[in-house]
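Report on the following structure.
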Amino acid sequence: MTFSPPIPLPKVQDLFQWGKEKLTPLGDLEAQASCEWMLEHLLGLSRSDVYLQKHLPVSPDQEALFRGWVERCILREPLAYILGESFFWNEKLAMGPGCLVPRPETEILVQVAGEKIKTLPRPVSFLDLGTGSGAIAIALLKNDSRVQATLVDLSLEALEFAGKNIRQHGLEDRATLLRSDLFQDLVSDQKWDLVVSNPPYLSAADLEQMEPELRYEPREALYGGSDGLDFYRRLIADSADRLNAGGWLVMEMGIHQSQAIRKTLELSGLYQEIEITKDYLGVDRVIAAQKK
Ligand code: SAM
Ligand code: GLN
């Protein structure tokens, strides 16, 4: 009888190296960050352990899974969809096709809305219009235990993710989920202290040049009409009636949109104290306005 020597199992560092090389077309930083995230998820490791445990052997099943994920990344499928999770405001959220992956710049919107909430008399209620995964509402609810939220989306798929995330974070008692086309299907006399929204804001021209990953995300979550501003016109016209006295409308904006949105707010005559906040790249990203 002859014995062939066992084939050694690959180690964490071997998969890391292979994955990084395969993903170099995405850019070195993106390739590295994606491999770190995949290995964390695959092996239940922390980010630092991906490096500290680099000699850990990986089973054939795990190796096959990892290689499959890398192949899907090469086709520009968002990693958040592949792994079924995303991170926002340090919280883990369930994620998948049909639901927009929350973006880091949306944390500026949470910061601004959180500051406004602090200035309002308790208890505070807010409405998150176009909630998607529930990212914004969950961050705000976690920040302050004396706040109540209504989460609205038109997409049932998005609402399913939002509901799952609200339950996973134990926030059911302070959150209501509703399907509506903006305010249209909501009880007509209900009012809130703050309306927060990251509406779809890409223009027709933006859609044509968008990154391949965005093609996996729902068009309804991204497209804001030919000039990208359709949702702002509706939000500005309709929010004032739905805000309590002194309440705030706080919205995320796309690049080069702030002046047009400021003008629409001013011309409506419904708001005062218009404030614009920039993101980390210096882009006007968030606009807040107080109901007159
Ligand atoms: N709030 C999430 C975030 O920041 O990650 C998702 C924002 S995404 C840019 C816009 C969201 O608005 C999507 O979830 C989309 O389904 C929803 N939406 C689009 N049209 C809508 C409408 N007419 N009424 C309510 N929600 C709408
Ligand atoms: N921030 C997204 C992007 O440009 C767009 C999201 C939105 O339309 N609100 O990738």
About its Cα centre, the range 183-292 carries a charge dipole, from +1 on Lys and Arg Cβ atoms and -1 on Asp and Glu Cβ atoms, whose size in debye to the nearest 20 is 360 debye
So between residue 46 and residue 29, what do we pick up on full extension, going 0.36 nm a residue minus the alpha carbon distance? 4.3 nm
Here FRET efficiency (C-beta to C-beta, residue 176 to residue 118, R₀ 22 Å, nearest 0.05) is 0.50
Keeping the other protein chains in place, figure out the carbon and sulfur percent of the accessible area of the range 22-72, with a 1.4 Å probe. 56 percent
Charge dipole of the chain about the Cα centre (unit charges at C-beta), most positive-ward option of 120, 202, 290: 120
For the range 92-215, with equal point scatterers placed on the C-alpha atoms only and solvent neglected, what are the log10 I(q)/I(0) values from the Debye formula at q = 0.15, 0.21, 0.22 1/Å, to two decimals? -0.68, -1.27, -1.37
Kindly rank 268-274, 196-202, 5-11 from highest to lowest mean number of other beta carbons found within 10 Å of each residue. 196-202, 268-274, 5-11
Rounded to 5, the percent of DSSP beta bridges in the chain classed as antiparallel: 45 percent
Place a label point 7 angstrom from the Cα of residue 230 along the Cα-to-Cβ direction, then list the residues of the range 180-212 whose backbone nitrogen is under 20 Å away. 180-186, 197-211
Report the gain in length on full extension from residue 204 to residue 146: 0.36 nm times residue separation, minus Cα-Cα distance, nm rounded to one decimal. 16.8 nm
Note down the relative contact order for the chain as a percent, whole number, built from C-alpha pairs under 8 angstrom at least six residues apart. 14 percent
Listed residue (212, 256, 268) projecting farthest to the positive dipole end of the range 191-280, Cβ model: 268
Difference of contour (0.36 nm per residue) and Cα-Cα distance, residue 260 to residue 9: 84.5 nm
Zero-based 10 Å bins, Cα pair distances in the chain, whole percents: 6, 25, 31, 20, 11, 5, 2, 1, 0, 0
From zero outward in steps of 10 Å, how is the percent of C-alpha pairs of the range 156-286 spread across the bins? 10, 35, 38, 16, 0
For the peptides 124-137, 151-164, what is the packing order when you average, over each peptide's residues, the other Cβ atoms within 10 Å and list the highest mean first? 124-137, 151-164
As a test of the formula, what do you get for the chain when each DSSP H run with n ≥ 4 contributes -39,500 (n - 2.57) and the sum is divided by the residue count, at 222 nm and rounded to the nearest 500 deg cm²/dmol? -12000 deg cm²/dmol
Let me know the charge dipole size of the chain about its Cα centre in debye, to the nearest 20, where only the beta-carbon of Lys, Arg (+1) and Asp, Glu (-1) is charged. 560 debye
Too long at a 18 Å Cα-Cα cut-off: which of 118/164; 263/292; 92/116? 118/164; 92/116
What's the magnitude of the charge dipole for the range 20-178 around its Cα centre, counting Lys and Arg as +1 and Asp and Glu as -1 at the beta-carbon? Answer in Debye, nearest 20. 380 debye
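The values are calculated or read from the model by the stated rules, or taken from the named source; none is laboratory data. A quick note: this is a predicted structure, and the numbers were derived from the prediction, not measured. Virtual Cβ from ideal backbone geometry, glycine too; neighbours counted across all protein chains shown. To get the accessible areas, we keep the full protein, side chains included, count just its heavy atoms, and leave off ligands, DNA and RNA. Shrake-Rupley method; radii C 1.70, N 1.55, O 1.52, S 1.80 Å.
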